[in-house]
Amino acid sequence: MKRHQSLVPISRQHHGGLLTARLLQHGAPPYKGMPTTATAKREYVLQFYKEHLQPHFQLEETTVFALAITASDILAQQARQLQAEHRQLEQLIQALPEATDTALPDKLHEVGQLLEQHIRQEERVFFEQMQQELPKDELQRLEKQVKHHLA
């Protein structure tokens, strides 16, 4: 299904998240200009979290999730689950500096798997449900909120 304009900016941000998620997982191919060692990947994901994920999570929680919680029981349940995953990702990422060298690859893999699963759930299930359930005027109001947040 084509993404409604209100969700397009968030979907575009997901691209960088998916690349990062794949980079962190075991067996990831080398990506041009991206780190290849576990230590460098840790530094990369910590910076990515600070610059991209934290603002992205805030955007989703204050706009899309806030609307979903009031829209329907199904959307509210999905939004609460996705928000819980945000907290779980934050905890996993914030624990990376304490990971030992031997545990670090597995910890990075765990972050990468959860991040990928989370984004795919938002894109394939949650956003699709939002577009099906919400009236056009609600989606237009959401679009204004997202644009305002990003301004």
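The values are calculated or read from the model by the stated rules, or taken from the named source; none is laboratory data. Note that the structure is a prediction, hence the values are computed from the model and not measured. Note that we place each Cβ from the backbone using ideal geometry, even for glycine, and neighbour counts take in every protein chain shown.
Residues that are in contact (Cβ under 8 Å) with a residue 60 or more places away in the chain and part of a loop (DSSP other than H, G, I, E, B) do occur in segment 89-101, at least one of them.
Here is a yes/no grid of residues against (1) more than 19 Å from His149 (Cα to Cα); (2) within 12 Å of the chain's Cα centre (by Cα); (3) modelled with pLDDT under 95:
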| site | (1), (2), (3) |
| --- | --- |
| Glu60 | no, yes, no |
| Gln81 | yes, no, no |
| Gln91 | yes, no, no |
| Val111 | yes, yes, no |
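Note on segment 129-151: residues that are within 21 Å of the chain's Cα centre (by Cα), surrounded by 14 or more Cβ atoms within 10 Å (Cβ to Cβ) and touching a residue at least 60 places away in the same chain (Cβ under 8 Å) amount to 8. When Pro55 is tested against (1) within 16 Å of Glu110 (Cα to Cα); (2) at pLDDT 95 or above, exactly one condition is not met: (1).
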